[in-house]
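**Q** For reference, the structure I am asking about is given below.
Nothing in this text is a laboratory measurement; each read-out follows from the coordinates by a stated rule. Please read all numbers here as calculations on a predicted model, not as lab measurements. Heads up, the Cβs are rebuilt from the backbone with ideal geometry, glycines too, and the neighbour counts pull from every protein chain shown.
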Amino acid sequence: MTIHELQTPAILLNLDYMEHNLKKYCDAAAKSGKQIWPMIKTHKSTELARLQTEYGCTGFLCGTLDEAEAMAADGAKDVMYAYPVSTEVSIARVVKLAKACSGFIIRIDGLDAARAIDAGAKAADVRVNYTIIVDSGLHRFGVKPEKVVEFADEMKQFKNLVFKGISTHPGHVYGASCEAEVGKYVEDEVKNTAVAVDALRNAGYELEIVSSGSTPTFWGALDDKNIQVYHPGNYIFNDAIQLSTNTAVEEECALYILASVISHPSEDLYICDAGAKCLGLDQGAHGNNSIKGFGVVKGHPEFTVYSLSEEVGKFHLEGNTDLKVGDKVLIIPNHSCSSANLTSYYVGVRGEEVDHLVHVDIRGNSGKKNV
Ligand SMILES: Cc1ncc(COP(=O)(O)O)c(C=O)c1O
């Protein structure tokens, strides 16, 4: 079957591009003697997580407990959950994960959540590994690097929590609007990590894990002497946001939407059958304003996807085009993680041939757990 025979809209996954991305990042990490534990919230697929292991990834970073449970059940050795938890139901899941997977690690940045997790772990007679989240500039989670020793000292009161090291995520890099700007976010990542690492080591702490990462900062931070484990997520697919900072080229954008032109109501307006429910409304995280519209129409720079309804998208034409009603187009979404979360399967393709369906089997509550 070819992509021309598919119903539109469809979310395609170019397997050749994706495999290139997996190899590129893992080869570079291996060359630098580093590990990749990819953030799997990007794809939410057991099949793709296994593929990442085949290419050399040695652990996983998970954005949801569903993902962590799926990775542990699949036999992964090192499974890190990116955020603290605070409720009874989540703590029970964390405790169960710690029991089932000796390499399970949670990230913590505050005493209240730590106290609650420690109590849950104590009641279940289990020890839960953790890293301290250090704020390297995103100002979301995290302890300030200069306060990390004070925090680590306070964490010693929690006897069922085991200190493993520190983690950070320089997600504010998505404020960069061009390649030249990425460097200053790498500097934040590396400098703040160094301040935290040096302070902890000087205070006598041993750090088994120093982990960090994002797709745009991966290359600049790869040879940092402190960071050993990297967590790129988006790199498996890339997207229009990565194109805007030259983090990826078009042949590295592996996930795109196949859509049909269904109307041409006025001279400069074309309408396709893919809307916000395929492309997502993301226009760049954390203040990136270099993104024009809601995706890149491959091979048609004359169009801007300037508006989306739920099921349809409006293209604005500037100049001339040969596109007509009934034609199909491929659209690279601005943020592939968002598009990936809008489908139950990707149509895996090689060139124009459909290869197989890749199931997105670990989307939120896909296992109907705890309902
Ligand atoms: C904590 C954390 N680490 C790593 C990543 C991966 O970043 P990226 O998708 O830029 O590779 C994310 C993504 O949001 C994240 O939240």
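**Q** Taking every alpha carbon pair in the range 217-371, what does the distance histogram look like in 5 angstrom bins from 0, in percent?
**A** So the P(r) values, bin by bin, are 2, 8, 16, 19, 18, 15, 10, 6, 3, 2, 1, 0.
**Q** Ok, one more. Let me know the volume per residue of the alpha-carbon convex hull for the range 48-99, in Å³.
**A** Measuring per residue, one finds 69 Å³ for the Cα hull of the range 48-99.
**Q** Would you mind getting me the FRET efficiency between E150 and E352? Use the beta-carbon distance for r and R0 = 56 Å, nearest 0.05.
**A** FRET efficiency, E150 to E352: 0.45.
**Q** Now for a different question. Sorting K225, K77 on the 10 Å Cβ count, fewest up front, what's the list?
**A** The order, fewest Cβ neighbours first, is K225, K77.
**Q** In Å and on Cα atoms, what radius of gyration and Dmax does the range 24-127 show?
**A** Here Rg and the maximum Cα pair distance are 14.5, 45 Å.
**Q** Using only DSSP helix segments of four residues or longer, with each worth -39500 (n - 2.57), what per-residue ellipticity at 222 nm results for the chain after dividing by its residue count and rounding to 500?
**A** The per-residue figure over the chain is -9000 deg cm²/dmol.
**Q** Fewest to most neighbouring Cβ within 10 Å: what's the order for T58, T131, T215?
**A** T58, T131, T215
**Q** Moving to a separate point now. When we measure straight from the Cα of K122, which lysines land under 22 angstrom away, once same-chain ones fewer than 8 places off are left out?
**A** Within the straight-line cut-off, K122 pairs with K96, K99, K156, K159, K164.
**Q** Right, another one. For the chain, return all DSSP H helices satisfying: extent of Cα atoms along own axis at least 30 Å; mean Kyte-Doolittle hydropathy at least -1.0.
**A** TM-like helix candidates: 179-202.
**Q** What whole number of Å gives the distance from the Cα centroid of the range 104-175 to the Cα centroid of the range 292-335?
**A** Rounded to whole Å, the Cα centres lie 44 Å apart.
**Q** How big is the chain in terms of Cα radius of gyration and Dmax, in angstroms?
**A** Looking at the chain, its Cα Rg and Dmax stand at 21.7, 70 Å.
**Q** Could you tell me what percent of the DSSP beta bridges with both partners in the chain are antiparallel, to the nearest 5?
**A** Of the beta bridges lying entirely in the chain, close to 50 percent run antiparallel.
**Q** Taking amide H positions as placed 1.01 Å from N in the peptide plane, with prolines and chain starts having none, which residues 5 or more places from D355, or on another chain, fall under 5 Å of its amide H?
**A** Residues meeting the amide H criterion: G348, V349, R350.
**Q** Expressed in nm to one decimal, what extension gain is obtained for the pair S86 and K324 from 0.36 nm per residue of sequence separation less their Cα-Cα distance?
**A** Extending this stretch completely gives an extra 80.3 nm.
**Q** How many nm is it between the label spots at L269 and S32, if each spot is 7 Å from the Cα in line with the beta carbon?
**A** Spacing of the two 7 Å Cα→Cβ label points: 4.8 nm.
**Q** Taking the Cα atoms of the range 298-371, report the difference between the largest and smallest coordinate on each principal axis, in whole Å and largest first.
**A** Principal extents (Cα only, largest first): 53, 29, 20 Å.
**Q** Under 5 Å between amide H atoms, partner at least 5 residues away or on a different chain: which partners does I105 have, H built in plane at 1.01 Å?
**A** Distant-sequence amide H within range of I105: V79, M80, Y81.
**Q** Which order do K164, K24, K156 fall in if you start with the one that has the fewest other Cβ atoms within 10 Å?
**A** Sorted ascending by nearby Cβ count, the order is K156, K24, K164.
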